[in-house]
Amino acid sequence: MTIATSTRLADGRELIYFDEGSAAHSHAAVDTRPLDPRSEENTGELRFDALTGDWVAVAAHRQTRTYLPPADQCPLCPTTGANLSEIPDSAYDVAVFENRFPSLGPAVGTIPEHPGWGTLGRAYGRCEVVAFTSEHTGSFGGLSTERARTVIDAWAHRTEALSALPGVKQVFPFENRGQEIGVTLHHPHGQIYAYSYVPPRSAVMAAAALAHFQASDGRETLLGSIVEQESASGERMIAQGRHFSAYVPFAAHMPLEIHLTPHRHVPDFAALNDAERDELAVMYLDVLRRLDNLYDTPTPYIAAWHQAPLDSLLRPAGRFHLELTSPRRAADKLKFLAGSEAAMGAFINDTTPEDTAAVLRQVSTAPAISPAPSQAAAFAPAAGTEPKVTVK
């Protein structure tokens, strides 16, 4: 059982501890930092791109955010006399708090309904940080199954709470792992964004899902159909459980890409039952460890948890799933999104999904021995060393 304890930081931001019930902490410590009260007037702005129909958040106030501090100044480690961090307590299991430098929010509300060229709006929404562990080193793949399950409960709790905020249209939990992806803190953590609009990629997927759903008169979902076909084929399947399947998608965009999809039609984390959450903890660790054991150094990745939009028309057709991607195409090479991908959104994959799946099926699912906090040497193997496998 996961126990949630809510408190406030010195500037008024919410902090929630999530503890395994067998060893809950008291969380009586108070944030004593001399921080100015947070103001909703500091919310950034949204600008409407009439060429694409997309909203762009402008958050110039984030330029002063913390960037790769030394371990003894980490804002996600428990507070000590020498380091007054974002976590006042001396011990915790999982902690979630409002980002001190948010891209969206802290004000929430509704954006303009009929935007055009020159439309400005406030960047309503919420940005939260999820610290997976009090340990400064390591990675999600190195967590225990019990801790992974606690993080899943935290994601579910925050999904339900953020979905209820005024104007929120989409809740997106994610993790950026590795400096090559652009992380600004080494401590194992993820984030949650609550958008006041449906982001572009979600809108594209939602439209495809809705078209399929309506064509079947509401009897079949697009992602449900895909999982059935991937299961029947088997050539891209990596692992299957009673409630989830992990596979390389038929049209994978990236050199390393794994989708983890529930067998039951559920819109988000909050809708998962206990048995599904239990299995998700096991299977998510499974796929992360395959990535980390693929080479002799940790693999950078983006873990994107896609949840159904809150729009009443789109939500019935949308199914919760994970898209886990990495630009790593060899032990010492990254795929960069250049002209075709970045400018046109037309992806070119140098690896066949079938070959990638075959390699990933053979990789160990044991916790990786290599620590993950520093990625600096990840793509410069020592002389004479070879990767465990090579994805071509």
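The values are calculated or read from the model by the stated rules, or taken from the named source; none is laboratory data. Not measured: the values here are computed from a predicted model. Positions of Cβ are backbone-derived with ideal geometry, glycine not excepted, and every protein chain shown enters the neighbour counts. To get the accessible areas, we keep the full protein, side chains included, count just its heavy atoms, and leave off ligands, DNA and RNA. Shrake-Rupley method; radii C 1.70, N 1.55, O 1.52, S 1.80 Å.
Things to note:
- Search result, residues across the stretch 185-226 that are β-branched (Val, Ile, Thr), closer than 17 Å to His265 by Cβ and part of a loop (DSSP other than H, G, I, E, B): Thr221
- Check on Val30, of a type outside the set (S, T, N, Q) and touching a residue at least 24 places away in the same chain (Cβ under 8 Å): yes
- Considering residues of the stretch 343-359 that are under 28 Å from Arg290 (Cβ atoms) and part of a helix (DSSP H, G or I) only, the residue most open to solvent (accessible area, probe 1.4 Å): Asp355
- Leading residue by the ranking (modelled with the highest pLDDT) among those in the stretch 11-28 that are more than 17 Å from Glu128 (Cβ to Cβ) and open to solvent by less than 40 Å² (accessible area, probe 1.4 Å): Asp19
- Qualifying residue in the stretch 265-273 (condition: more than 24 Å from Glu160 (Cβ to Cβ), in contact with a helix residue (DSSP H, G or I) (Cβ under 8 Å, 6 or more places away or on another chain), open to solvent by less than 30 Å² (accessible area, probe 1.4 Å) and of a type in the set (Phe, Trp, Tyr)): no
- Looking only at residues of the stretch 72-90 that are open to solvent by 60 Å² or more (accessible area, probe 1.4 Å) and not in a loop (DSSP other than H, G, I, E, B), we find that the one that is nearest to Thr184 (Cα to Cα) is Gln73.
- Selection of first residues in the stretch 147-168 that are assigned to a loop (DSSP other than H, G, I, E, B) and modelled with pLDDT of 95 or more and of second residues that are of a type in the set (Lys, Arg) and open to solvent by 30 Å² or more (accessible area, probe 1.4 Å), restricted to Cβ pairs under 9 Å at least 6 apart or on distinct chains, gives the following pairs, ordered by first then second residue: Leu165/Arg126; Val168/Arg126.
- For Gly121, the requirement of being in contact with a Pro (Cβ under 6 Å, 6 or more places away or on another chain) and not in a loop (DSSP other than H, G, I, E, B) is met.
- Some residue of the stretch 210-227 being closer than 26 Å to Gln362 by Cα, among the small types (Gly, Ala, Ser) and open to solvent by 60 Å² or more (accessible area, probe 1.4 Å): no
- Matching option when the condition is in contact (Cβ under 8 Å) with a residue 12 or more places away in the chain, under 19 Å from Val171 (Cα atoms) and in a loop (DSSP other than H, G, I, E, B), among Leu260, Leu310, Leu324, Leu294: Leu310
- Residue under evaluation Pro69, criteria (1) surrounded by fewer than 20 Cβ atoms within 10 Å (Cβ to Cβ); (2) in a helix (DSSP H, G or I), criterion not met: (2)
- Qualifying residue in the stretch 99-117 (condition: surrounded by fewer than 21 Cβ atoms within 10 Å (Cβ to Cβ), among the basic types (Lys, Arg) and either touching a residue at least 60 places away in the same chain (Cβ under 8 Å) or in contact with a helix residue (DSSP H, G or I) (Cβ under 6 Å, 6 or more places away or on another chain) (or both)): yes
- Checking each residue in the stretch 91-101 for being assigned to a loop (DSSP other than H, G, I, E, B) and farther than 11 Å from Ser134 by Cβ picks out Asn99, Arg100, Phe101.
- Residue identified as of a type in the set (A, V, I, L, M, F, W, C) and closer than 14 Å to Thr325 by Cα among Leu291, Leu222: Leu291
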